[in-house]
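Nothing in this text is a laboratory measurement; each read-out follows from the coordinates by a stated rule. Everything numeric in this text was worked out from a predicted model, so none of it was measured. Heads up, the Cβs are rebuilt from the backbone with ideal geometry, glycines too, and the neighbour counts pull from every protein chain shown.
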Amino acid sequence: MMINLKKSITFAALTSLFSLGVTSTSVHAADFEDFARVINATPQVERINVPRQDCRTEYETSQRYPAPERVQERSTGGAILGGLAGGLLGSQVGGGNGKIAAAAVGAVTGALVGDRMDNNSNNSNNYNAQPRYESRPVRECRNIDSWETRTTGYAVTYEYNNRTYTSVMPYDPGARLRLHVTLTPRP
């Protein structure tokens with residue numbers, strides 16, 4: 001009786017395995033390559049902004065005056081010598097009270113002329129300074145929006161075994177699409 005019980009348990013286990021579809025030949029699935037006919041491949045596009053910089057260099061001209069040279073102090077030597085020379089020359093003209101007036105006018109005139117001659121030669125470099133023009137480059141940039149249309153993939157509609165499928169792919173497959181087919185039996 002013990003042997004019959006073991007045989008019936010083994011038979012029952014094998015029967016349940018067969019009813020589930022588990023056999024030694026059904027453990028492996030069938031894999032193969034095949035081709036499907038492509039019905040349509042629609043590009044999936046996206047607009048993206050790729051900003052760029054537009055730069056140019058312009059030249060700016062500016063006016064510059066040379067730095068003033070060191071100004072020398074005014075001298076009184078020319079005025080003194082001019083006044084003495086003018087007074088002597090003025091005293092030679094006229095007679096009496098006219099001599100004194102001519103000497104005074106000659107001294108004043110001589111002092112003015114002597115001062116101007118002495119001090120103009122010291123400061124003559126600063127009065128006629130000419131401006132210098134300098135040009136320097138100025139770079140100016142601005143951002144410009146640049147919109148581009150990029151293809152991000154393809155919506156591919158294909159037919160295989162009289163059924164229609166749609167899939168998004170990174171490329172356009174052309175007229176035929178290569179498929180990897182896996183067959184597994186259903187219980």
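Find how much the distance from Thr61 to Glu140 grows on full extension, using 0.36 nm per residue of separation minus their present alpha carbon separation; answer in nm with one decimal.
Numbers: separation 79, 0.36 × 79 = 28.44 nm, distance 1.55 nm.
This chain segment gains 26.9 nm when fully extended.
If packing is taken as the average count of other Cβ atoms within 10 Å, what order do 96-107, 155-166 fall into, highest mean first? Show your work: numbers first, answer last.
Working: 96-107: 14.4, 155-166: 12.7.
The peptides rank, most packed first, as 96-107, 155-166.
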Given R₀ = 41 Å, FRET efficiency for Asn161-Val50 by Cβ-Cβ distance, to 0.05? 0.40
